[in-house]
Amino acid sequence: MRKKLVAGNWKMHGSRKMADGLVREIVEGLEDGVDVLVIPPMVYLADLVHKYGDRGLGFGAQTISEHPEQGAFTGEISGSMVRDVGAKWTLVGHSERRQYYHETDALLSRKFRTACDAGLTPIYCVGETQEEHEAGKAEEVIGRQLGAVIDVYGVEAFRTGVIAYEPVWAIGTGLTATPDKVQKIHAFIRSQVAKKDVNISLLTRVLYGGSVKPANAADLFAQPDVDGGLIGGAALVASDFLEICAAARR
Ligand SMILES: O=C[C@H](O)COP(=O)(O)O
């Protein structure tokens, strides 16, 4: 049985004060039975881990550099630096990184490797755009995005690593894929891992991300291949986020 995981990706939201207050409320409301992560803007990460890292909440980065070693890469933050401040997770290939920062499959496969080598657990994000969705190309696109990692590095990393399915058309739009459509795609994702290793595919947690709210979380998490959520907007409101975490415990 895979333990559910709920990860709150704050994207570029917040302030030092808000970050502290939000995480404090989350740790106060945390309950057993579900793994919970907070993925704040990078500048707040070290402080938050220092203050709340031993309170049952995990912390991660929204992205890391593809460069494994220190060097002259202005503005970049390495996986080792993220690990050094005590965070244990990182997103790789969030659709906003793919879309706005032109992160390609080839680049993301390097970031994925760098994350694993730094001792971080990657949450590898996949998903189709609205146009690809309408053209019936979701599985083709997701298969390619997954292949960029598992055909290059194998599936071993997904023994503990996580895959997040985020239909781009459902992110921040209030539109959500229906639970049965989400289940279909998640089953497809698991089948791609199973093609390489069935046992690992049974361990890989596949999260859904795209307008998850307290009102729809329970139905989404009830699907057999939905192992939790990657939450954007609703992760910025402690009560909403905690309700979503509670839905994952049922
Ligand atoms: O990382 C989170 C996803 O992009 C979902 O964002 P959202 O919950 O605001 O739609």
Practice prompt. Considering every residue within region 34-46, establish whether at least one is of a type in the set (D, E), at pLDDT 95 or above and under 17 Å from the mean Cα position of the chain (by Cα).
Written response: yes
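Name the one entry in A247, A215, A222 that is among the aliphatic types (A, V, I, L, M) and either crowded, with 17+ Cβ neighbours inside 10 Å or touching a His at 6+ places or on another chain (Cβ under 9 Å) (or both).
Working: A215 fails: either crowded, with 17+ Cβ neighbours inside 10 Å or touching a His at 6+ places or on another chain (Cβ under 9 Å) (or both); A222 fails: either crowded, with 17+ Cβ neighbours inside 10 Å or touching a His at 6+ places or on another chain (Cβ under 9 Å) (or both).
Among A247, A215, A222, only A247 is among the aliphatic types (A, V, I, L, M) and either crowded, with 17+ Cβ neighbours inside 10 Å or touching a His at 6+ places or on another chain (Cβ under 9 Å) (or both).
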(message) Going by what's in this entry, would R144 be described as assigned to a helix (DSSP H, G or I), without any contact (Cβ under 8 Å) to a residue 40 or more places away in the chain and crowded, with 20+ Cβ neighbours inside 10 Å?
(response) no
Going through (1) out of contact with any Asp or Glu (no Cβ under 9 Å at 6 or more places or on another chain); (2) on the phi < 0 side of the Ramachandran plot one by one, G136 fails only at (2)
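Residue-wise test of (1) within 17 Å of the chain's Cα centre (by Cα); (2) within 24 Å of Q130 (Cβ to Cβ); (3) modelled with pLDDT under 95; (4) not aliphatic (A, V, I, L, M).
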site	(1), (2), (3), (4)
Q145	yes, yes, no, yes
Y153	no, no, yes, yes
Y165	yes, yes, no, yes
L175	no, yes, yes, no
K184	no, yes, no, yes
Within region 1-40, residues in contact with a His (Cβ under 9 Å, 6 or more places away or on another chain) and farther than 19 Å from D240 by Cβ come out as none
By residue number, the members of region 177-198 that are under 19 Å from R249 (Cβ atoms) and in contact (Cβ under 8 Å) with a residue 60 or more places away in the chain are none
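From the list G161, G147, G154, which residue is away from the ligand (no atom under 16 Å from the Cβ), on the phi > 0 side of the Ramachandran plot and not polar (S, T, N, Q)?
Details: G161 fails: on the phi > 0 side of the Ramachandran plot; G147 fails: on the phi > 0 side of the Ramachandran plot.
Answer to the check: G154.
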Can you find a residue that is more than 15 Å from A235 (Cβ to Cβ), aliphatic (A, V, I, L, M) and in contact with a strand residue (DSSP E or B) (Cβ under 8 Å, 6 or more places away or on another chain) anywhere in region 31-38? no
T173 fails exactly one of (1) surrounded by 15 or more Cβ atoms within 10 Å (Cβ to Cβ); (2) within 15 Å of the ligand (Cβ to nearest atom), namely (1)
task = Test E25 against the criterion of being closer than 21 Å to G232 by Cα, at pLDDT below 95, away from the ligand (no atom under 16 Å from the Cβ) and not hydroxyl-bearing (S, T, Y), and give yes or no.
result = no
Is it fair to say S201 is more than 15 Å from the ligand (Cβ to nearest atom), hydroxyl-bearing (S, T, Y), surrounded by fewer than 21 Cβ atoms within 10 Å (Cβ to Cβ) and free of Cβ contacts under 8 Å to residues at least 24 places away in the same chain? no
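Please specify each residue of region 1-44 satisfying the condition of being part of a strand (DSSP E or B) and in contact with a Ser or Thr (Cβ under 9 Å, 6 or more places away or on another chain).
Initially, region 1-44 is screened for residues part of a strand (DSSP E or B), giving 5-9, 35-39.
Correct list: I39 only.
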When (1) aromatic (F, W, Y); (2) over 18 Å from K3 (Cα atoms); (3) surrounded by 20 or more Cβ atoms within 10 Å (Cβ to Cβ) are applied to F188, the one that fails is (3)
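The values are calculated or read from the model by the stated rules, or taken from the named source; none is laboratory data. Values in this document were obtained by computation on a predicted structure and should not be read as measured data. Because the Cβ atoms are built from the backbone with ideal geometry, glycine has one as well, and the counts that use them run over all protein chains shown.
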